[in-house]
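> Starting off with a structure, shown below.
Quick note: the coordinates plus some simple rules give every number you see, no bench work behind them. Note that the coordinates shown come from a computational prediction; the quantities given were computed from them, not determined experimentally. All Cβ positions, glycine included, derive from the backbone under ideal geometry; neighbour counts span all protein chains shown.
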Amino acid sequence: MKKSAEPVPTPAELLENLRTLVADAEKMVEDSSDDSNGSSSLQDRFAELQERFGDAYNGARDRVVAGAKSTDAAIRANPYRSLAIALGAGLLLGAFLGRRKE
């Protein structure tokens, strides 16, 4: 996995980027209906937005993969502790759901 010099965006930043992307897309649709000759600028803006979304997606994917690898390493380093935690969580969830049905 290649390391980048840019910081990985937080979920809040990703959400804000998606909101910006939607707002920019809506503005492009409005602009395209007003100006039929601006197709090249529309394509340029779309390419820029597509690149920004791709960067945000890649950052999120990298964070998920890193988290999964970290979790896997922790489970492999402490298999009995991991099993005990899973058993306890299952018992609590079962007790909670059992009470709800009564």
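> I need the full set of residues from region 80-102 which are loosely packed, with under 10 Cβ neighbours inside 10 Å and part of a helix (DSSP H, G or I), in order please.
TYR80, PHE96, LEU97, GLY98, ARG99, ARG100, LYS101
> Which is part of a helix (DSSP H, G or I), more than 15 Å from LEU14 (Cβ to Cβ) and either within 11 Å of the chain's Cα centre (by Cα) or among the acidic types (Asp, Glu) (or both), of ASP72, ASP55, ASP62?
Selected residue: ASP72, the only one of ASP72, ASP55, ASP62 that is part of a helix (DSSP H, G or I), more than 15 Å from LEU14 (Cβ to Cβ) and either within 11 Å of the chain's Cα centre (by Cα) or among the acidic types (Asp, Glu) (or both).
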